[in-house]
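Take a look at the structure below.
The values are calculated or read from the model by the stated rules, or taken from the named source; none is laboratory data. Note that the structure is predicted; figures quoted are calculated from it, not measured. Glycine gets a Cβ as well: all are built from the backbone with ideal geometry, and neighbour counts include every protein chain shown.
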Amino acid sequence: MSWEFWLPTEVMVLAPDLIAVESGPAATVGYMLMDSMAGEAWVIDVPWGSAEQYWELAQRRGVQIRRILLTHAHWDHVADAALLQQKTGAPVAVHPADAYRLSDPIELRIWQLPFPFEPVAAQEFLHHGQRLRCGTAWELEVRHTPGHTEGGVCFVDHHRRCVFSGDTLFAGSIGRTDLPGGGLQQLLASISSHLLSLPDDYRVYPGHGAPTTIGAERRENPFLQGSRG
C-alpha cells in the first residue's frame, strides 16, 4: 500500500465545546471535549498529525488538556499520544486489555508505515461502567465493547445524548474483526448490548467517517439487522 498521498488534517467544530480532528493516513477522527468555564479539555484518540492541532486549539480556546482517553490502541488512534502527553502532561487512559499494544504500536501494525512514532505508557485504566467528569460540561460513561480489539471502549454522555464509538460502530458499518484480538460475534454482541440499548436519538461520533445516530444504525446498518438491543 502506498502512503504517498493522504488527506490533510481537517478540524471540524461540531458544537461550541466539541471539536473533531481528522488526521493521518487512515483519516482517523479524534475529538476534543471542552469546559470553558473550568478551563479544561479532554481528548479522545490522537491520530498521527493531530497533537499540534489539539495543542493549538486548546491555546486558542483558553483551556488545558487534562486527560487523553483512548477508545482502543490501534496505531492510527494512538500515533500522536506520546507527543500530546509530552506537551500537556495529561495522563493517557486505556482499557487494561489494550494496554499491551501501547508498548510497541509499530510492531502490531498490519501495514508498513512511512513514519515513526513513539510508544506511550498508560497512566490510567478504563473500566466498564466507570464515569468520568470533564468539568461540569461532560460526564462520560465507559462501556467496554470488545470485538475490534480486546480492550475497545465507547464513551457515552447521557446528558448530551451522544456516543464516542471509536472503531466499534460507524455510519453504515462496524469495526474490522479480522485483525489480531478481533471477533465478529463478540463485536456484534458488544454493539447489541452496549450501543443498541441506547435511545435512537443518541448521536454517534465514530473514529472514521461521518457522525450518525443509534436509530439510523439500528434501522439501516446492514451488519446490525437482527441485532435490536
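If you go through the range 53-102 and pick out every residue that is of a type in the set (S, T, N, Q) and either under 15 Å from the mean Cα position of the chain (by Cα) or at positive phi (or both), you end up with 1.
Go through Gly49, Gly30 for me and flag whichever is in contact (Cβ under 8 Å) with a residue 24 or more places away in the chain, assigned to a strand (DSSP E or B), under 17 Å from the mean Cα position of the chain (by Cα) and within 15 Å of Val11 (Cα to Cα). Among Gly49, Gly30, only Gly30 is in contact (Cβ under 8 Å) with a residue 24 or more places away in the chain, assigned to a strand (DSSP E or B), under 17 Å from the mean Cα position of the chain (by Cα) and within 15 Å of Val11 (Cα to Cα).
Being surrounded by fewer than 23 Cβ atoms within 10 Å (Cβ to Cβ) and closer than 28 Å to Leu84 by Cα: is that true of Arg176 here? Judged against the criteria, Arg176 is a match.
You will find that of Val43, Val21, the residue that is hydrophobic (A, V, I, L, M, F, W, C), in contact with a Lys or Arg (Cβ under 8 Å, 6 or more places away or on another chain) and closer than 25 Å to His148 by Cβ is Val43 and no other. Being closer than 23 Å to Leu126 by Cβ, part of a loop (DSSP other than H, G, I, E, B) and of a type in the set (A, V, I, L, M, F, W, C) is a property that Ala93 lacks. So, in the range 94-131, of the ones that are at pLDDT 95 or above and among the charged types (D, E, K, R), which residue ends up surrounded by the fewest Cβ atoms within 10 Å (Cβ to Cβ)? Residue satisfying both the conditions and the ranking: Arg131.
For every residue, the table says whether it meets (1) surrounded by fewer than 18 Cβ atoms within 10 Å (Cβ to Cβ); (2) out of contact with any His (no Cβ under 8 Å at 6 or more places or on another chain).
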residue: Gly183; (1), (2): yes, yes
residue: Gln186; (1), (2): yes, yes
residue: Ile191; (1), (2): no, yes
residue: Leu195; (1), (2): no, yes
residue: Leu198; (1), (2): no, yes
residue: Gly207; (1), (2): no, no
residue: Ala210; (1), (2): yes, yes
residue: Glu217; (1), (2): no, yes
residue: Leu224; (1), (2): no, yes
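Scanning the range 10-24 for residues being touching a strand residue (DSSP E or B) at 6+ places or on another chain (Cβ under 7 Å) and not in a strand (DSSP E or B) gives a total of 1.
Where residues in the range 66-87 are in contact with a strand residue (DSSP E or B) (Cβ under 9 Å, 6 or more places away or on another chain) and in a helix (DSSP H, G or I), which of them is surrounded by the fewest Cβ atoms within 10 Å (Cβ to Cβ)? Among those that are in contact with a strand residue (DSSP E or B) (Cβ under 9 Å, 6 or more places away or on another chain) and in a helix (DSSP H, G or I), it is Lys87.
Any residue that is among the aliphatic types (A, V, I, L, M), more than 23 Å from Leu169 (Cα to Cα) and crowded, with 23+ Cβ neighbours inside 10 Å - is there at least one of those in the range 17-39? Yes, some residue in the range 17-39 is among the aliphatic types (A, V, I, L, M), more than 23 Å from Leu169 (Cα to Cα) and crowded, with 23+ Cβ neighbours inside 10 Å. Of note, Cys134 satisfies the criterion of being in contact with a Lys or Arg (Cβ under 9 Å, 6 or more places away or on another chain), more than 25 Å from Tyr100 (Cβ to Cβ) and either of a type in the set (Lys, Arg) or modelled with pLDDT under 95 (or both). Are any of the residues in the range 148-158 under 18 Å from Leu198 (Cβ atoms), modelled with pLDDT of 95 or more and surrounded by fewer than 19 Cβ atoms within 10 Å (Cβ to Cβ)? For the range 148-158, residues under 18 Å from Leu198 (Cβ atoms), modelled with pLDDT of 95 or more and surrounded by fewer than 19 Cβ atoms within 10 Å (Cβ to Cβ): present. The condition (being over 11 Å from His148 (Cβ atoms), among the hydrophobic types (A, V, I, L, M, F, W, C), in contact with a Ser or Thr (Cβ under 9 Å, 6 or more places away or on another chain) and modelled with pLDDT of 95 or more) is satisfied by just one residue among Ala189, Ala216, Ala210: Ala189.
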